[in-house]
Ligand SMILES: [Zn+2]
Ligand SMILES: [Zn+2]
C-alpha cells in the first residue's frame, strides 16, 4: 500500500500578473523556501503558468493551476477560485451577486476545474443565503489571510465558520480551505498587508502531482490550518480522532490546545483539551467537524464527516 503524506500548499496567491507586488518566480521561491510542497498562483482573471529550466523549477514548489475568477461589475466582490482549469475562465459581468457567482462556478466547471467561493465577508459582499442559491462549488474559504477578509464576522454578520455551518446544516457538501490571498512580498510585512504564510491546507496525497492533490481535495482528504499541525487523523462515521503535533518553544514551554467538535446547526457536540482529541459521532449529529484552537491563536479545521 502506498504511504500517503500530508502535502502543504497555498491555494490563493497573487503575483505581478494581477495585483501582487512580486514576480511569479519570486513568489514561488518564497513558498518553496518556507516549506510548501505545492502552490497555486491564482491571479485575478489571469492563468499564471510558470515554466522554467530544471534548475529554476527546483527552487519552486509544485505549481498547480488556478485563477481567481473576479467579477468586476457585481454589486459586491464575487471572487471564485477555479482549481485545475485547463484554460482561462472569463468572469461573469452580471451586476447581480448570485448570478455572477453561478456563472463563475459554471464556467470553472466547464473548463475542467473545481470551484471555491472566496472570502464571503470581504466588503461584506454576501453570506450563506446567496451561497445557498448557487450549486456545484466544492470549497469555500473558512480562513483568508487578507487583512480585510473579516473571517470572524461581528456586528450582526456571521463569521465564515458560521456561514460554513449553515451551508452544511442545509445539506451542502462543501469543504473548508484556509488560504493566504497573499499580495505583498517585497515591501514591509505587517498586519494591514496581505503577506504570505498565514493560511494553508495539508492534503493527504500519495504523490506530489496536481492530479493526486486535487483528487484528494475533492474527497475532503485534507485539513486547513493557520499554524496547528495534525500528525495523523481518523475520520469516519464511527470515530473522529486527531493527533495534534505539539510545539515546544525555545524556553521549554509548550503550546496548549482545545478542540471543539461541531455538528448540525453549529451545535457544540464535544470539547476536549487532550492532544489526541476524539469523538464518536451519532446519527443525530448530522455532520461532525473539528476545530483545533491553540493558545498561540493558531487553528486547524478538519473536514466534516457526514452521517448519512
Ligand atoms: Zn478575492
Ligand atoms: Zn485574491
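The values are calculated or read from the model by the stated rules, or taken from the named source; none is laboratory data. What you see is a predicted model, and the numbers here were worked out from it, not measured in a lab. Heads up, the Cβs are rebuilt from the backbone with ideal geometry, glycines too, and the neighbour counts pull from every protein chain shown.
A single member of 191, 196 is outside any helix (DSSP H, G or I) and at pLDDT 95 or above, and it is 196.
Residue 308 passes every criterion in (1) over 26 Å from residue 32 (Cβ atoms); (2) at pLDDT 95 or above apart from (2). Out of 69, 98, 89, 64, one residue alone is within 13 Å of ligand 1 (Cβ to nearest atom) and in contact with a helix residue (DSSP H, G or I) (Cβ under 6 Å, 6 or more places away or on another chain). It is 69. In the set 113, 35, 84, 52, only one residue is more than 13 Å from ligand 1 (Cβ to nearest atom) and modelled with pLDDT under 95; that residue is 52. If we scan region 143-153, do we find a residue that is more than 16 Å from ligand 2 (Cβ to nearest atom) and within 28 Å of residue 263 (Cα to Cα)? Yes. For region 278-292, filtering for residues that are touching a residue at least 60 places away in the same chain (Cβ under 8 Å), assigned to a strand (DSSP E or B) and surrounded by fewer than 22 Cβ atoms within 10 Å (Cβ to Cβ) leaves 2.
Scanning region 132-154 for residues that are out of contact with any strand residue (DSSP E or B) (no Cβ under 6 Å at 6 or more places or on another chain) and more than 19 Å from residue 180 (Cβ to Cβ) turns up 132, 133, 134, 135, 136, 153, 154. The residue of region 154-173 that is farthest from ligand 2 (Cβ to nearest atom), among those that are in a loop (DSSP other than H, G, I, E, B) and under 16 Å from residue 137 (Cβ atoms), is 171. Of the residues making up region 116-157, those that are at negative phi, without any contact (Cβ under 8 Å) to a residue 60 or more places away in the chain and more than 14 Å from ligand 1 (Cβ to nearest atom) are 127, 128, 129, 130, 131, 132, 133, 134, 135, 137, 152, 157. For region 174-184, the count of residues that are over 15 Å from the mean Cα position of the chain (by Cα) and within 15 Å of ligand 2 (Cβ to nearest atom) is nonzero. Looking at region 37-137, the helices (runs of 4 or more DSSP H) lying wholly inside it that each contain 1 or more residues that are within 16 Å of ligand 2 (Cβ to nearest atom) and buried (at least 17 other Cβ atoms within 10 Å of the Cβ) sit at 97-110.
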